[in-house]
Amino acid sequence: MPTKQKPKTIIVSNRLPVRIIKEDGKLAFTPSEGGLATGLGSIYKQGENIWLGWPGAVLNTKAEESQTKKELSEQNMAPVFLTDEDIELYYEGFSNETLWPNFHYFNQFSEFKHEYWEAYKKVNQKFADQIIKNANPKDTIWIHDYQLLLLPALVRKERPDISIGFFLHIPFPSYESFRLLPWRRELLLGMLGADFLGFHTYDDTRHFLSSVSRLAGVGNEHGHINYNNRQIVADALPMGIDYDKYAQTAAEPETLEREVRYRTSIGEGKLILCIDRLDYSKGIPQRLKAFEKLLERYPEYKGKVSMLMVVVPSRDQVGKYKELKEEIDLLVGRINGRYSQLSWTPIHYFYRSFPLHALSAFYRMAHVCLVSPMRDGMNLVCKEFIASKLDKKGVLVLSEMAGASKELSDALLINPNNREQMVEAIREALEMDEKEQIQRMKVMQSTLKRYNIYNWVDLFMNRLSVVKTEQKALTTKRLDEQSEIALKTSYKEAKKPLIFLDYDGTLQGFYGDPQDAKPDEDLYSIINGLTKFKNSHVVIISGRDKDTLANWFNLSKVDLIGEHGVWLRGKGEDWHTITTLTDVWKADIRKVLEGYVARTPGSFVEEKDYSLVWHYRKVETGLGELRTRELTSHLKYLASNQNLQVLEGDMVVEIKSTEINKGRAARNWMKRYEDADFIMAIGDDWTDEDTFKAMPPKAYTIKVGSTNSSAKFSVTNFEEVRGLLKRMVS
Ligand code: GDG
């Protein structure tokens, strides 16, 4: 493993931004500058940073491989070599025949083949091995797209603390589509190896979070997922384009010359421009049919309006793509055959790609840009069209199924399945007055200028680094020998110690029946030891109901705080409460909970004075977690306007008033013992986080279990807590 270098960034994607051409047994390397490559250029070309991926050709000899390695390393790239079989099964197979259709809601085309899956795992591991060879623990890794969904977790396994970002360029489908994949859980757990996950739209993010919650049993709070003691964030970060590059290209002499040339050959009629890769997700036949309908319904456009359609060749040897190509050829032939005039062709159709200046000339010439995919992660063509419109004249007709529609609400938005609507939108675009065209274009241009590709790259890297910093802040240090000595010293020197102890999971383990978790002799003797030590005040601060606590600790000289802070009682005193509370909400929520009990064998409802608790410790593994997800989203909806909070504890979901929390009660109790000169709080679940946060800076706060906490220290389990408490008084 390389060490002691400055931290670097490693970009990882299936393809490197390079083209390798084999000619007469020689290899030639040319950069392929797509939008992503341009944006990421500001990163991977710096210092020791690299871009890692497949170079785009299968190499046959070791000599070819070492030449490729050498030449690419001069351009800050590192190759991952793939075989013909890898490409066939991992790339064309699992990535493009399984994931692509599923993620674009074309499930009828999705192939579920075991050999594809095996190859996908194997190639993701190949990528992981290359990363591990290159990566230091302080490096940042940014992984791109659906071909590498397993990669984040594979890297995480070998480099537990490294920063990993992931961006998905295609849609993340709704749970209802994603759940159809036989390997759905493995794919999600693979993605959860990342620290920050970016998606083009809020809907993609929402779909991802819902799948994580339902399939992996891991919930989230506003996109923050706590998984394996790591705080992961998922968010929408729509990708932009290199705006200035497209605006500049549109003004270059080569573009203007081309425009003149093309106009001379096709005449001055209005143009509807469409540019896509050959793919069923792009809605090409649907769009052709809409254009045919337009000519049928509005014959005045004959001879005056043409469609300029560029379809970039892709996978046309594969069955479904071959069929699509044939369908497009037939439709274009039919429409042109039916409507062509000697001086006018309805559809100018090109099945090939063009250089950038030709594309730019097309963007300039187009009166309407028709972007009508059935599904598209983002779609950059529509953004490039807008950036190229220097005179701000032209109209974008955009499918609401493209991610870009969320940003470009000044386009004419259409549902690509609604032919009538598409026809009328094209007509509206053709007839729109110039003032309105300019008005709409202005708004879209200023959005795209601001949220350009460079801004996107910066935002992504910043978010990732913030997530990582927050993670570190939340990672609690283990209570080691030295810290324990300091704790004991300050305890022994104190005159008035105050100790807050949570009960379940902190002083006692968990039992199927919560009543079985009553204190044992060992625990009583620990508590008695603590209460006898100087003028100690020991407070049991628990979610338990007050009667149980009173019953269990009747003979101990402890203060009690029950129901997460509803009820408080100093030793020898009566219970009192610090808030005026109502429980009228209980009847409605109880009904909901009982519905879940009926459907979930082993679960039950506990009623406390001011809260209701749904317990699922005895429920079949997996089912309880699944129901919890369902129940919490159901309850959050119900609770939002009733001043209630829904808390997830250890195998419980608790509903109570927002006014109640342990922090508030602890603060109240600290006022009572204002002269306390040693304060300690120990707890295991996230209701105890409120206690930790209420503590003064000098207090010792100790989290039991995970290390993800705002407490200062952590210990592993309740046995360790007991050990510590015994040593404190010995
Ligand atoms: C994925 C997602 C998401 C097209 N024809 C020619 C040509 N192009 C260029 C366009 C544009 C790019 O190809 C296609 O843009 P997409 O947005 O469709 O991007 P993809 O990489 O195919 O797809 C997509 C994107 O990732 C980014 O996250 O938007 O939803 O599927 O830049 O200009 N370029 C040239 N000649 C052509 O004939 N030179």
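Observations on the model:
- Looking across region 344-359 at every residue that is in a loop (DSSP other than H, G, I, E, B) and surrounded by 15 or more Cβ atoms within 10 Å (Cβ to Cβ), the one that is nearest to the ligand (Cβ to nearest atom) is identified as 354.
- Which numbered condition residue 236 misses (of (1) without any contact (Cβ under 8 Å) to a residue 40 or more places away in the chain; (2) away from the ligand (no atom under 16 Å from the Cβ)): (2)
- Of all residue pairs spaced 6 or more apart or on separate chains, those with beta-carbon atoms under 7 Å, a first member in region 58-81 that is within 15 Å of residue 16 (Cα to Cα) and a second member that is assigned to a helix (DSSP H, G or I) and among the hydroxyl-bearing types (Ser, Thr, Tyr) are 59/68; 76/44; 79/68.
- Taken as a whole, the structure leaves residue 397 outside the set of residues that are out of contact with any strand residue (DSSP E or B) (no Cβ under 9 Å at 6 or more places or on another chain), at pLDDT 95 or above and more than 12 Å from the ligand (Cβ to nearest atom).
- Hey, residue 99 farther than 18 Å from residue 320 by Cα and crowded, with 18+ Cβ neighbours inside 10 Å or not: no
- Selection within region 565-607 - among the charged types (D, E, K, R) and touching a Lys or Arg at 6+ places or on another chain (Cβ under 8 Å): 569, 571, 599, 607
- Just one of the listed residues (257, 268) is among the acidic types (Asp, Glu), farther than 25 Å from residue 416 by Cα, away from the ligand (no atom under 16 Å from the Cβ) and at pLDDT below 95, namely 268.
- Test: residue in region 452-460 that is within 14 Å of the ligand (Cβ to nearest atom), under 30 Å from residue 326 (Cβ atoms), of a type in the set (A, V, I, L, M) and not in a strand (DSSP E or B): no
- Flag for residue 245 being away from the ligand (no atom under 13 Å from the Cβ) and either in contact with a Cys (Cβ under 6 Å, 6 or more places away or on another chain) or part of a helix (DSSP H, G or I) (or both): no
- Of the strands (runs of 3 or more DSSP E) lying entirely inside region 484-569, the ones with 2 or more residues being more than 20 Å from residue 718 (Cα to Cα) are found at 567-569.
- Criterion applied to 522, 502, 516, 480 was being surrounded by fewer than 16 Cβ atoms within 10 Å (Cβ to Cβ), touching a helix residue (DSSP H, G or I) at 6+ places or on another chain (Cβ under 8 Å) and either over 30 Å from residue 394 (Cβ atoms) or in the same structural domain as residue 165 (by TED's automatic domain parsing) (or both), and the one residue passing it is 522.
- For residue 424, the stated conditions hold: it is of a type in the set (D, E, K, R) and away from the ligand (no atom under 12 Å from the Cβ).
- Residues of region 360-382 that turn out to be under 30 Å from residue 202 (Cβ atoms) and assigned to a helix (DSSP H, G or I), as a count: 3
- Within region 400-419, the set of residues being away from the ligand (no atom under 12 Å from the Cβ) and polar (S, T, N, Q) comprises 409, 415, 417, 418.
- Evaluation of residue 70 against (1) part of a helix (DSSP H, G or I); (2) within 25 Å of the chain's Cα centre (by Cα) (one fails), failing number: (2)
- Considering only residues in region 376-392 that are within 10 Å of the ligand (Cβ to nearest atom) and hydrophobic (A, V, I, L, M, F, W, C), the one that is surrounded by the fewest Cβ atoms within 10 Å (Cβ to Cβ) turns out to be 380.
- Residues that are charged (D, E, K, R) and either more than 29 Å from the chain's Cα centre (by Cα) or assigned to a helix (DSSP H, G or I) (or both), drawn from region 686-711: 688, 689, 690, 693, 698
- Odd one out for residue 428, checked against (1) surrounded by fewer than 18 Cβ atoms within 10 Å (Cβ to Cβ); (2) under 30 Å from residue 254 (Cβ atoms); (3) touching a strand residue (DSSP E or B) at 6+ places or on another chain (Cβ under 7 Å): (2)
- Only one of the numbered conditions (1) crowded, with 21+ Cβ neighbours inside 10 Å; (2) modelled with pLDDT of 95 or more is not met by residue 211, and that is (2).
- Entry remark, region 158-183: residues being more than 15 Å from the ligand (Cβ to nearest atom), under 24 Å from residue 137 (Cα atoms) and either among the hydrophobic types (A, V, I, L, M, F, W, C) or outside any loop (DSSP other than H, G, I, E, B) (or both) number 4 in total.
- Counted residues, region 282-306 - those being within 16 Å of the ligand (Cβ to nearest atom) and in contact with a helix residue (DSSP H, G or I) (Cβ under 8 Å, 6 or more places away or on another chain): 2
- Test for residue 300: is it at pLDDT 95 or above, more than 44 Å from the chain's Cα centre (by Cα) and of a type in the set (Asp, Glu): yes
- Of the candidates 395, 381, the single residue that is of a type in the set (A, V, I, L, M) and touching a helix residue (DSSP H, G or I) at 6+ places or on another chain (Cβ under 7 Å) is 395.
- With a requirement of 3 or more residues that are within 14 Å of the ligand (Cβ to nearest atom), the strands (runs of 3 or more DSSP E) lying completely within region 1-48 that satisfy it span 9-15.
- Matching residues in region 184-203 - criterion: being in contact with a strand residue (DSSP E or B) (Cβ under 7 Å, 6 or more places away or on another chain), of a type in the set (A, V, I, L, M, F, W, C) and more than 16 Å from the ligand (Cβ to nearest atom): 191, 192, 194, 196
- Residue that is at negative phi, charged (D, E, K, R), away from the ligand (no atom under 12 Å from the Cβ) and buried (at least 20 other Cβ atoms within 10 Å of the Cβ), where the choices are 334, 338, 364: 364
- Selection from region 709-727 of residues that are closer than 18 Å to residue 518 by Cα and modelled with pLDDT under 95: 717
- Which listed residue is more than 30 Å from residue 497 (Cβ to Cβ) and either at pLDDT below 95 or surrounded by 17 or more Cβ atoms within 10 Å (Cβ to Cβ) (or both), from 691, 628, 701: 628
- Among the residues of region 248-276, those that are hydroxyl-bearing (Ser, Thr, Tyr) and either in a loop (DSSP other than H, G, I, E, B) or under 15 Å from residue 390 (Cβ atoms) (or both) comprise 249, 255.
- Positions within region 303-318 being within 33 Å of the chain's Cα centre (by Cα) and either acidic (Asp, Glu) or over 27 Å from residue 429 (Cβ atoms) (or both), in sequence order: 313, 314, 315, 316, 318
The values are calculated or read from the model by the stated rules, or taken from the named source; none is laboratory data. Please read these numbers as outputs of a predicted model, since none were measured by experiment. Backbone-built Cβ (ideal geometry, glycine too); neighbour counts: all protein chains shown.
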